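K.L.:
The following block contains the structure, expressed as structure tokens.
The values are calculated or read from the model by the stated rules, or taken from the named source; none is laboratory data. Keep in mind that this is a model prediction, so the values were computed, not measured. So basically every Cβ, Gly included, is an ideal-geometry build from the backbone, and we count neighbours across all protein chains shown. Remember, those area values only see protein heavy atoms, side chains included, never the ligands or the DNA or RNA. Shrake-Rupley method; radii C 1.70, N 1.55, O 1.52, S 1.80 Å.
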Amino acid sequence: MYTHQPTPSIRQPHGWHPITKDSNKNDPLWYRRAILYEVHVRAFFDSNGDGKGDFQGLAQKIPYLKKLGVTCLWLLPFCDSPLKDDGYDVRDYCKVHSDFGDITDFKTFLDIAHQHGLRVIVELVMNHTSDQHMWFKESRKGKDNKYSDYYVWGDDPDKFKNVRIIFLDTEKSNWTYDEERKQYFWHRFFSHQPDLNYDCPAVWDEMMNVARFWAKLGVDGFRADAAPYLYQREGTSCENLPESHHFFKELRKMLDKEYPGTCLLSEANQMPAESVQYFGNGDEFHLGFHFPLMPKIFMALKKGIRQPIVEVLKETPPIPPNCQWVMFLRNHDELTLEMVTEEERQFMWEGYASEHQMRCNLGIRRRLLPLLDNDQSQYRLLMSLLISLPGTPVLYYGDEIGMGDNVFLGDRNGVRTPMQWNIDRNAGFSRGDRRRLYLPVNEDEEYGYMVVNVEREEKMPHSILNWTRKIMHIRQEHLVFAEGMLFRCNPSNPHILAFLRVLPTDVIPFTNVNAGRVGEQMTIVPDKDGQQIEGPVMQKISSLNRLRSFSSQALNELTHQPEHLVDSSPPHSMPDLPLAAVAPINIPDSILEGDPVMDEEEDPIATVTVMPNKKEDVVTIVQPTQSTAPPGDLTLESPLFASPPARPPNSTKTEDTPSPSSSITPNLKRNSQFGIPTYIPTAPSIQQFPRTDIPAEVVQNGNSTIVLCVYNFAPTPQYCLLDLPEFDGYRPIELTGGETFPTISNERPYLLTLPQYGWFWFELRKH
């Protein structure tokens with residue numbers, strides 16, 4: 001059973017304490033509150049003028065990184081390597097590449113980072129080595145030496161023939177023939193990266209010792225590269241095999257015992273149902289990348305609606321309470337489109353990579369700002385969303401200043417150019433001859449170092465660098481972003497994504513082994529006397545089932561309930577959905593008979609029928625399935641669903657802005673310029689009953705941290721109506737500027753207007 005101690009304060013103090021050898025042991029969940037900064041050592045700062053960044057240079061820039069607000073550095077490969085694949089082709093696991101310094105330089109850098117309160121995660125390239133590694137050189141010599149079985153050899157190039165090829169741009173097969181050994185060797189990536197054979201016990205021992213080597217030096221965690229591909233079995237996809245999970249659990253067990261608090265981050269580019277397996281029962285990886293979310297965020301932005309994001313959250317299974325998703329917008333690789341449909345991939349290519357040079361494998365090799373056409377309002381929208389979603393966010397080096405890319409450099413080098421510090425030569429990255437730089441600095445008119453650099457943006461109060469620093473610190477000050485629960489608000493405007501992050505006081509999560517899925521998270525909320533609150537409340541939040549409060553007697557019943565809302569209110573207080581729910585409004589022209597009505601999961605559940613009425617038109621939402629509701633429930637009318645004033649006789653139908661108490665918000669016509677989809681009408685009689693998903697005790701005690709996050713994905717201003725009856729009397733305080741907004745009332749929905757690509761973070765405080 002995993003126990004999380006109550007948080008003593010809802011806010012964290014400014015600044016961080018130095019990291020000592022016992023810090024991770026004493027704070028084993030540090031990674032849940034972290035903000036990761038992904039950085040190439042060779043791309044950040046060159047201390048000796050040889051044209052390549054190094055550990056001494058990175059150490060000099062630690063104060064910049066601390067000021068930025070990140071808490072953990074994720075270093076891309078720096079071990080000895082031929083650098084044919086940017087260091088992922090390892091030649092010696094326990095040696096630093098000479099371009100970056102040596103082990104002493106690394107230890108000095110690590111000490112400085114820890115002194116400034118920054119942790120460090122390094123790459124553990126588990127799946128393969130370089131073909132120049134000593135192990136492979138020896139293995140090629142024959143079948144009778146010590147290293148013969150360190151790699152996967154075979155005589156049949158058609159073995160595992162149904163296994164997909166990852167790098168389609170360069171590789172035609174997963175097998176390559178070796179002239180010296182007269183056999184084929186297996187590789188899931190480049191042909192110069194032979195896969196290790198984990199069926200060989202000696203390989204297990206070697207890789208365990210590699211992890212021990214770096215953990216002993218003091219690193220705080222490992223990112224396991226290409227985690228799904230360690231084993232091969234005939235008749236399978238050679239991905240996500242049980243044997244791989246067994247190895248990683250043994251690795252985790254070793255680290256927990258010998259280096260407690262050292263975290264493991266899984267790189268598994270899989271759908272959520274497969275990725276979640278790498279958390280095990282909380283005994284495998286601590287962290288895992290949420291790959292499918294990244295393209296869906298960009299898809300939602302291009303379409304101007306929230307639906308793609310809602311869909312992927314809906315497909316995300318629950319995870320053990322001591323684990324965490326890792327969220328990101330961009331990284332050192334291409335914006336991968338492996339986990340989308342062919343239709344979606346074409347949509348993304350046409351919208352974000354119209355030129356062939358911008359594409360790589362099944363993805364897009366572009367940095368964040370170029371993807372957004374250098375629109376800083378879109379950058380702020382996506383970055384604020386990244387920071388506020390449940391998970392540990394990642395910031396890729398240079399994105400905080402809006403660096404551009406060079407798609408003509410080949411492979412993914414276009415997003416790996418030198419950091420732009422100032423307008424000095426080589427962008428302040430190196431004092432060496434520009435011809436010696438590992439890659440040329442960006443010099444174009446829009447993103448070049450003369451326009452985009454750290455020194456210039458530090459002097460501009462409203463630059464994206466200073467804005468990024470601000471929201472990073474806001475996240476650090478509000479623990480709710482890292483530890484809080486998420487409740488979707490489901491506004492009827494499809495352009496608006498809104499959710500609540502809620503961090504109750506004195507919350508004790510534990511692992512429930514009876515809930516159908518092993519490791520499903522549950523939460524006990526003690527009452528004021530420290531006793532359990534009676535009454536079950538289970539809410540499906542983004543497909544994460546979380547038991548809010550329960551009595552011990554009800555626990556067994558609830559854990560076997562189907563995945564839908566289980567309400568603790570008295571029986572029949574929430575009626576079954578009727579066959580037809582009638583709600584009167586003024587009907588705009590764009591509402592058409594037969595239009596679909598979406599539920600909170602963005603699935604069509606009904607159709608619209610327009611019926612003339614003497615006083616006003618009536619929209620009837622007809623549910624296609626049968627219902628047992630009594631005839632008296634067919635028409636639902638209350639002050640909350642009151643009609644707006646009737647339209648004068650013979651007047652022209654218009655898209656009037658509804659009263660906040662309107663029962664159905666008007667349809668918005670399709671915007672021909674931006675192609676925004678038609679606004680689908682939503683009936684409060686179907687999906688806007690007063691919400692019961694948040695326990696009243698959490699809201700009423702006034703001590704819980706509650707943050708409302710609202711995002712507009714449309715390129716035009718939008719309004720939204722939020723149903724927040726639980727927070728009657730609460731006052732929203734905007735977090736970035738401290739402005740106070742009107743008090744929330746349970747008598748009417750809360751009305752907000754957002755500019756194009758606008759967003760709000762509100763802390764809800766009792767008035």
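K.L.:
Select from the range 724-747 the residues that are buried (at least 18 other Cβ atoms within 10 Å of the Cβ) and either among the hydrophobic types (A, V, I, L, M, F, W, C) or modelled with pLDDT of 90 or more (or both) and list them in ascending order.
P.N.:
Leu724, Phe727, Tyr730, Pro732, Leu735, Ile744
K.L.:
With the requirement that a residue be charged (D, E, K, R) and not in a helix (DSSP H, G or I), what does the range 64-121 give you?
P.N.:
Within the range 64-121, Asp80, Lys84, Asp85, Asp86, Asp89, Arg91, Asp92, Lys95, Asp99, Asp102, Arg119 qualify.
K.L.:
Turning to a different aspect of this structure: Go through the range 694-722 and report how many residues are more than 15 Å from Arg306 (Cα to Cα), modelled with pLDDT of 90 or more and in contact with a helix residue (DSSP H, G or I) (Cβ under 8 Å, 6 or more places away or on another chain).
P.N.:
3
K.L.:
May I ask you to list pairs of residues, at least six apart or on different chains, whose Cβ atoms are under 7 Å apart, with the first in the range 449-466 being within 20 Å of Asn426 (Cβ to Cβ) and the second being buried (at least 19 other Cβ atoms within 10 Å of the Cβ) and of a type in the set (Phe, Trp, Tyr)?
P.N.:
Taking only residues 6 or more apart or on different chains, the pairs are Asn453/Trp421; Val454/Trp421; Glu455/Trp421.
K.L.:
Related question: So, Phe213, is that one at pLDDT 95 or above and either of a type in the set (Phe, Trp, Tyr) or on the phi < 0 side of the Ramachandran plot (or both) or not?
P.N.:
Here the answer is yes, as Phe213 does meet what is asked.
K.L.:
So, one more: Do we find a residue being touching a His at 6+ places or on another chain (Cβ under 9 Å), open to solvent by 20 Å² or more (accessible area, probe 1.4 Å) and either at positive phi or not polar (S, T, N, Q) (or both) anywhere in the range 177-193?
P.N.:
yes
K.L.:
Okay, moving on. Only one residue in Pro242, Pro201, Pro272 is open to solvent by 40 Å² or more (accessible area, probe 1.4 Å), without any contact (Cβ under 8 Å) to a residue 60 or more places away in the chain and closer than 30 Å to Gly363 by Cβ, so which one is that?
P.N.:
Result: Pro242 is the single residue among Pro242, Pro201, Pro272 that is open to solvent by 40 Å² or more (accessible area, probe 1.4 Å), without any contact (Cβ under 8 Å) to a residue 60 or more places away in the chain and closer than 30 Å to Gly363 by Cβ.
K.L.:
Quick one: is Gly304 closer than 29 Å to Pro491 by Cβ, buried (at least 18 other Cβ atoms within 10 Å of the Cβ), of a type in the set (Gly, Ala, Ser) and out of contact with any helix residue (DSSP H, G or I) (no Cβ under 7 Å at 6 or more places or on another chain)?
P.N.:
Spelling it out, Gly304 is indeed closer than 29 Å to Pro491 by Cβ, buried (at least 18 other Cβ atoms within 10 Å of the Cβ), of a type in the set (Gly, Ala, Ser) and out of contact with any helix residue (DSSP H, G or I) (no Cβ under 7 Å at 6 or more places or on another chain).
K.L.:
Pro272 fails exactly one of the following numbered conditions: (1) under 25 Å from Leu369 (Cα atoms); (2) in contact with an Asp or Glu (Cβ under 7 Å, 6 or more places away or on another chain). What is the number of that condition?
P.N.:
(1)
K.L.:
Could you tell me how many of the residues in the range 750-759 are open to solvent by less than 50 Å² (accessible area, probe 1.4 Å) and out of contact with any Ser or Thr (no Cβ under 7 Å at 6 or more places or on another chain)?
P.N.:
Residues that pass the stated criteria total 4.
K.L.:
Go through (1) open to solvent by 10 Å² or more (accessible area, probe 1.4 Å); (2) part of a loop (DSSP other than H, G, I, E, B); (3) in contact (Cβ under 8 Å) with a residue 40 or more places away in the chain one by one and return the number of the condition Arg42 breaks.
P.N.:
The single condition Arg42 does not satisfy is (2).
K.L.:
Still on this structure: Hey, can you tell me all the residues within the range 211-238 that are more than 12 Å from Tyr198 (Cβ to Cβ), of a type outside the set (A, V, I, L, M, F, W, C) and open to solvent by 20 Å² or more (accessible area, probe 1.4 Å)?
P.N.:
Residues satisfying the conditions are Arg212, Lys216, Gly218, Glu234, Gly235, Thr236, Ser237.
K.L.:
Inside the range 278-316, can you point out the residues that are among the aromatic types (Phe, Trp, Tyr) and either assigned to a helix (DSSP H, G or I) or closer than 19 Å to Leu386 by Cβ (or both)?
P.N.:
Passing the criteria: Tyr278, Phe279, Phe289, Phe291, Phe298.
K.L.:
If you don't mind, there's one more thing I want to ask. Within the range 160-176, take every residue that is free of Cβ contacts under 8 Å to residues at least 60 places away in the same chain and either assigned to a loop (DSSP other than H, G, I, E, B) or β-branched (Val, Ile, Thr) (or both) and give me the one that is surrounded by the most Cβ atoms within 10 Å (Cβ to Cβ).
P.N.:
Only one residue fits best here, namely Asn174.
K.L.:
Please work out if Lys67 is in contact with a helix residue (DSSP H, G or I) (Cβ under 6 Å, 6 or more places away or on another chain) and over 18 Å from Val219 (Cβ atoms).
P.N.:
no
K.L.:
Return only the number of the condition from (1) touching a Pro at 6+ places or on another chain (Cβ under 8 Å); (2) within 25 Å of Met271 (Cβ to Cβ); (3) open to solvent by 50 Å² or more (accessible area, probe 1.4 Å) that Arg434 does not satisfy.
P.N.:
Against the list (1) touching a Pro at 6+ places or on another chain (Cβ under 8 Å); (2) within 25 Å of Met271 (Cβ to Cβ); (3) open to solvent by 50 Å² or more (accessible area, probe 1.4 Å), Arg434 comes up short only on (2).
K.L.:
Just to verify a result, which residue in the range 442-488, among those that are surrounded by 20 or more Cβ atoms within 10 Å (Cβ to Cβ) and part of a loop (DSSP other than H, G, I, E, B), is modelled with the lowest pLDDT?
P.N.:
Top of the filtered list is Gly484.
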